[in-house]
Structures are given as structure tokens and as C-alpha cells.
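The values are calculated or read from the model by the stated rules, or taken from the named source; none is laboratory data. In this text the structure is predicted, and so the values were computed from the model without any measurement. Here the Cβ is made from the backbone with ideal geometry for all residues, glycine too, and neighbour counts use every protein chain on show.
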Amino acid sequence: MNPLLLHAQALARRGDFSAAAEFCGKAIERGEDVALAKKMLAGCLHDLGLKLWLEGVPEAAEKHFHAALAVDPEHVDALNNLGALLQLARQYGEAMGCYQRALQVDPANVRVLENLAKTQQHMGKLGEASATLLRLATIAGGEAAAYLIREALLVAKIIPDQDYPARIRQTIPEKLRAIESAGARMSLPLRFPSTYFPLSYQGICNKELVKSIARAHLQAAPSLNWTAPHVPKWRAPKERTKIGFASRFFRGHSIGNTARGLVEHLDRRAYEVFLIRLGALAPDETAARMDKSADHVVTVPYDDLQAARDVVAGLSLDILFYQDIGMEPLSYLLAFSRLAPVQLTSFGHPDTTGIPNMDYFLSSENYEIDGAQDHYAECLMLVPNAGTLSYYYRPPAPSDRTRQSFGLQATDHVYACPQALFKIHPVMDDLFKAILTDDPRARIVLIDPRDEELRPALERRLQRSLRDLTRRVTFVDSLAYQDFLSLVRSSDVMLDTVHFNGQNTSLEAFAMSVPVITLPGRLQRERHTYGMYRAMGFMELVAATPEQYVALAMRVANDEEYREHCRSSIAQSCGVLYENMDFVRNCGKAFQVMLSERRNGAPSKT
């Protein structure tokens with residue numbers, strides 16, 4: 001190797017990739033070891049791009065990945081990392097092109113195949129994702145279970161038809177049993193994790209299914225069942241009860257909005273509050289307020305499960321309260337460990353976890369039917385008469401935008417359904433169809449998340465079910481918060497999503513006296529808006545049948561006098577939903593019951 005490249009190599013080892021690239025360029029100019037110099041130059045440009053990415057400068061990183069590929073079009077790492085950057089920027093087609101080019105060079109590259117599978121899954125190309133994951137399972141034998149579990153849990157976010165939930169509930173258990181029978185293993189569960197997130201939106205009790213998913217994880221990675229050193233020696237809180245609130249989403253997010261008040265107002269004479277952030281995120285106003293109100297703020301590493309467990313274990317908590325489990329992988333995998341004597345979750349992601357080390361599910365007596373314990377693998381603990389399971393701050397005033405600014409007409413009857421699109425179950429199509437058929441001025445308004453798959457997948461389904469009526473379905477782009485509130489305020493009536501109700505959205509609507517039509521089911525997540533109305537003592541807009549749901553929605557939209565009656569009744573009664581200290585006090589009492597039961601043995605679970 002000539003001296004220029006030797007010097008470049010030394011500079012690269014010290015992390016000075018820019019200087020190393022200059023010396024590689026000089027070697028190329030002189031015609032010395034050109035092939036090797038180009039290879040090294042591409043490597044330096046890639047490594048500099050990777051460094052810039054890690055330093056938070058993705059635009060500069062992308063330029064350096066392109067520069068590396070200009071020198072060496074077959075640089076696999078540059079192709080893979082450029083694809084990952086494009087994937088984060090939601091340029092999924094371009095990202096897939098990068099991965100496919102990389103696999104032409106290195107067909108068995110595990111990292112590239114993983115990124116390709118993630119992109120295929122995100123784009124809803126589940127058949128292609130399945131093939132990629134099964135290919136990975138054959139390549140990476142020691143981690144095969146990670147790929148096989150993820151393949152088993154490939155579920156469409158937008159439910160394509162009414163029979164789909166039943167179909168996948170036949171195939172998933174079969175696949176999980178096959179994984180267990182094969183004895184597949186994984187040593188690094190956080191490297192390529194799975195969650196059951198889409199299953200919770202299908203209107204079916206998931207208790208037995210999520211228990212089987214948890215069993216598959218524990219058989220594949222027994223180390224998930226890890227215990228913090230202080231737990232076996234625990235007898236009772238020493239002074240104040242040490243309670244940790246854990247989430248990835250303690251910011252301007254539905255979880256931050258619903259968790260913030262309890263963190264702020266829990267009685268500090270009895271509780272020492274730890275805010276446990278699952279990974280670092282850019283701060284915002286909600287995050288700053290939550291940090292300020294907690295006694296301690298702890299951020300655990302997001303990419304190292306054992307390090308995260310060690311950090312939480314080091315707090316010697318009495319109670320660990322996961323604000324959501326199942327929305328992202330770290331909370332799910334952490335929950336398999338015994339990090340505190342009492343562990344619970346609640347409605348942040350309102351579904352049972354099936355995880356043996358989860359003790360309690362905190363819910364409201366307003367949300368649950370008789371016998372609801374059968375829906376939970378955890379012990380169900382009910383807060384009395386809670387309209388919402390949070391100390392919820394009344395939303396700010398909306399912006400001054402008019403409905404015309406959203407592309408709606410003054411003469412439209414605006415039926416807003418501003419939920420995440422994956423909440424819109426196929427049964428909603430029938431409700432939309434009945435409203436659009438019987439009210440010629442009806443306009444159904446949905447929110448477009450600017451996702452390459454969600455809206456197109458829903459539009460394909462609506463086109464099949466609504467046909468020509470889809471021309472009166474309007475998608476409004478995702479909005480700044482106060483503009484979103486303005487859209488809600490501009491609506492004549494809000495349509496609550498069946499099988500997975502609004503929570504934040506209903507609270508936002510009620511704050512502006514907007515009538516919400518709801519059709520409660522049997523599961524908690526189907527009864528949130530019903531529970532709010534029950535706490536308010538105003539039940540006129542709670543439907544008992546789909547036909548009544550449609551009739552109520554149309555009456556509110558078409559009968560101005562009745563609409564004003566509903567708005568007035570909501571305005572007079574909704575105060576119980578906001579900044580309610582009874583909820584905080586009742587949570588404190590519930591936590592003490594949990595501690596008492598733990599001292600006397602285990603909670604009663606089924």
C-alpha cells in the first residue's frame with residue numbers, strides 16, 4: 001500500500017474521515033493503487049456520513065452516502081444506510097430500491113434484509129415482507145425466532161374486510177405453535193422486535209392470543225424473565241412509595257396528554273415520583289412540564305434491553321406503572337421483567353398484555369362491563385366513576401380557521417371522524433354509507449396522516465364499500481394542534497370509531513361542546529366515550545344499535561335546535577372530565593391496595 005493510503009488508513013482509524021478522504025483522492029489523482037483508493041474513499045465518505053447522521057445532521061449524511069455511491073456504486077453499507085435515511089423520511093419506494101441494489105451485491109446481508117422487511121411491512125406489502133422474514137430466519141439461525149415471530153404477527157393496519165380479523169386469528173396461533181415446536185431461539189430480542197399493536201383495533205378480545213404471543217417470546221428468549229435485585233427482598237415501601245411512570249411518549253402526544261396530570265398531582269407526601277423515559281426524544285412543552293413536576297427524571301437507553309433493565313432496577317421502585325404497552329417494542333420487552341414488586345399498565349394502549357409479570361390493569365368502572373376480568377390476563381383494578389383515566393387538562397382555544405379553509409362548504413353537514421385511520425374498522429363503512437345515502441349534504445371528514453400506505457389502503461376499501469359515495473369523503477392533511485381543534489369545532493357532529501373509541505379526541509370535542517355519537521361494545525376500548533357520557537350524566541348520544549347510531553348522527557347534523565340542545569348539555573356537564581382531582585386521589589388509593597395485596601401474596605389473576 002502506498003504512503004498516501006497508509007496515511008489515509010491511520011486518519012480513518014482516528015475518526016478523521018474527511019482528512020482520510022482527501023488523501024484517498026490524492027492517490028486517485030496520481031494514479032496510484034486507484035482501485036484500492038476508490039474503495040477506501042467510498043468507505044471514508046460512508047463513515048463520515050454515518051458520523052454526521054449520529055450527530056443529528058441527516059441532510060449532510062445523505063449527501064455523503066450519495067458521494068460514496070458515486071465512487072463505488074456497489075458499496076453495500078452506503079446503500080443500506082441511504083435506504084434507512086430515506087425510510088425515515090417516508091420515501092419508502094426509494095428506500096426499497098437501495099436495499100434491493102445492496103442485495104444484488106450481498107444477497108445474505110442480514111441488516112439489509114431486516115431494513116427491507118421493515119419497509120415492506122410499513123408499506124403494507126405483507127406477502128413480500130413474509131418472504132423476506134422467512135429468508136432471514138434461514139440465514140440467521142441463532143436469531144430465527146425474532147424473524148419468525150415477526151412474520152407470524154404480520155397484520156394489516158387497515159383492516160381490509162370484515163372477515164380479516166377472524167382469518168388471522170386462525171393463522172397466528174398456528175404459526176406461534178410451530179415456532180415453539182421448532183425450538184427457535186433469539187438472544188437479542190430488542191434487535192428485531194415485534195408488537196401486537198394492530199390486533200387491538202379489530203373488536204375482538206385478545207387475551208388468549210396475546211398470552212400465546214408472550215409465551216412464544218419467553219420460550220425463544222428465557223432471559224426476558226429477569227428480576228431486579230431488590231424485588232426478592234422487598235417487604236414494603238420504606239418511606240414514601242417509590243412509583244415510576246414509564247413511557248416512550250412523555251411529550252406532546254396522547255400518552256403525554258393523559259399521563260401529565262397524574263404525574264404532576266399525585267400526593268408527594270405519600271409518593272416519590274420517577275419519570276422514566278424510554279429513550280431520549282426531542283423535548284417540547286409537555287415534556288418540559290412533566291420533567292419539572294417529577295421528583296426524578298430518568299432516561300433509559302432505547303437500544304439495549306439489559307442496560308434499560310439495569311437503570312430501572314437501580315431505582316428500587318415499589319410500583320412501576322407503564323403508561324402504554326404494545327405501542328413500541330421496548331415497553332413490551334421490559335414488561336417481561338420483574339423490575340418492581342407491583343407492576344401495572346392502563347388505557348394508554350387499552351389491551352391486555354398477556355405478560356406473566358404484569359400484575360394489574362387499571363381501568364374505570366365506567367368503562368367495563370360485568371365480567372370484564374375475563375378480558376384481562378392482569379388483575380383488573382377499577383377506579384370509581386372515572387369518565388377518563390387521567391387528570392386531563394382542558395385543551396387550549398382553537399385557531400380561528402373556518403371550515404372553508406379546510407375545503408368544506410358552509411352548506412355541508414360535516415360529520416367528522418378525525419381518528420387515526422387504522423381505527424376505522426370495516427363496520428364504520430356501513431355507517432358512513434347509510435349517512436351519505438340518507439343525507440345528501442353529508443360530508444365525512446377524515447384525517448390524512450401523509451403515510452404512503454394507510455390512506456391508500458383505506459381508500460381502496462372505501463371504494464369497494466361506498467363506490468360513488470366516496471366523492472363525499474374528504475381527507476384533511478394532518479394539522480397543527482390548534483388547527484386540528486378548529487376543524488373539530490367546525491364540525492356539526494363527530495362520529496366515534498366503533499371497536500376503538502376516541503379518548504383524547506372525544507375529550508377535545510367535548511371541550512368545544514361538539515356532539516359525539518358513540519356505539520359502545522363489550523371491550524374497554526369500545527367504551528371510552530360511553531364512559532365519559534356516563535360520568536357527565538348525558539346519555540342521549542349513546543346508541544344501542546348501528547341504526548340508532550346513524551339516526552342520532554343525522555338528527556344532530558340536520559336538526560339545528562337539537563344540535564344546540566346537545567351542545568348546551570355537553571357544555572354544562574363536561575367539566576367533570578377535566579382537571580379532576582378525584583381521579584388522582586382514587587389512583588393513590590388503588591396503588592395502596594396493590595401494595596397491600598403484594599405484601600399478602602400475589603394479585604388474583606385469571
| Conditions: (1) without any contact (Cβ under 8 Å) to a residue 40 or more places away in the chain; (2) in contact with a strand residue (DSSP E or B) (Cβ under 6 Å, 6 or more places away or on another chain). Leu495 meets all but one. Number of the miss? | (1)
| field | Condition met for Leu199 (part of a helix (DSSP H, G or I), closer than 30 Å to Gly183 by Cβ and among the hydrophobic types (A, V, I, L, M, F, W, C)) | value | yes
| query | Do the conditions hold for Phe500, that is, is it assigned to a loop (DSSP other than H, G, I, E, B) and either among the aromatic types (Phe, Trp, Tyr) or in contact with a strand residue (DSSP E or B) (Cβ under 8 Å, 6 or more places away or on another chain) (or both)? | reply | yes
| message | So in the range 461-497, with the set limited to residues that are outside any strand (DSSP E or B) and in contact with a His (Cβ under 9 Å, 6 or more places away or on another chain), which one is nearest to Arg441 (Cα to Cα)? | response | Asp492
| query | In the list Gly256, Gly252, which residue meets the criterion of being in contact (Cβ under 8 Å) with a residue 40 or more places away in the chain and either closer than 26 Å to Gln482 by Cα or assigned to a helix (DSSP H, G or I) (or both)? | reply | Gly252
| message | I'm checking my understanding of the structure. Among residues of the range 519-531 that are surrounded by 24 or more Cβ atoms within 10 Å (Cβ to Cβ) and touching a helix residue (DSSP H, G or I) at 6+ places or on another chain (Cβ under 6 Å), which one is nearest to Tyr391 (Cα to Cα)? | response | Thr529
| Gly31 outside any helix (DSSP H, G or I), within 38 Å of the chain's Cα centre (by Cα) and modelled with pLDDT of 80 or more | no
| query | Has the range 529-538 got at least one residue that is at positive phi and not aromatic (Phe, Trp, Tyr)? | reply | yes
| query | Mind checking which residues of the range 506-537 are closer than 16 Å to Ala553 by Cβ and not aliphatic (A, V, I, L, M)? | reply | Ser506, Pro515, Thr518, Pro520, Thr529, Tyr530, Tyr533
| said: Suppose we filter Phe17, Phe65 for residues that are more than 27 Å from Ala108 (Cβ to Cβ), in the same structural domain as Val110 (by TED's automatic domain parsing) and of a type in the set (Phe, Trp, Tyr); which single one remains? | reply: Phe17
| request: Sort through Val550, Val516, Val556 and tell me the only one that's over 31 Å from the mean Cα position of the chain (by Cα) and crowded, with 23+ Cβ neighbours inside 10 Å. | output: Val556
| Tally of residues being in a helix (DSSP H, G or I) and within 25 Å of Lys589 (Cβ to Cβ) across the range 371-404 | 4
| Hey, Pro426 surrounded by 21 or more Cβ atoms within 10 Å (Cβ to Cβ) and either in contact (Cβ under 8 Å) with a residue 12 or more places away in the chain or not acidic (Asp, Glu) (or both) or not | yes
| task | Filter the range 279-296 down to residues that are surrounded by 13 or more Cβ atoms within 10 Å (Cβ to Cβ) and of a type in the set (A, V, I, L, M) and give me whichever is modelled with the lowest pLDDT. | result | Leu281
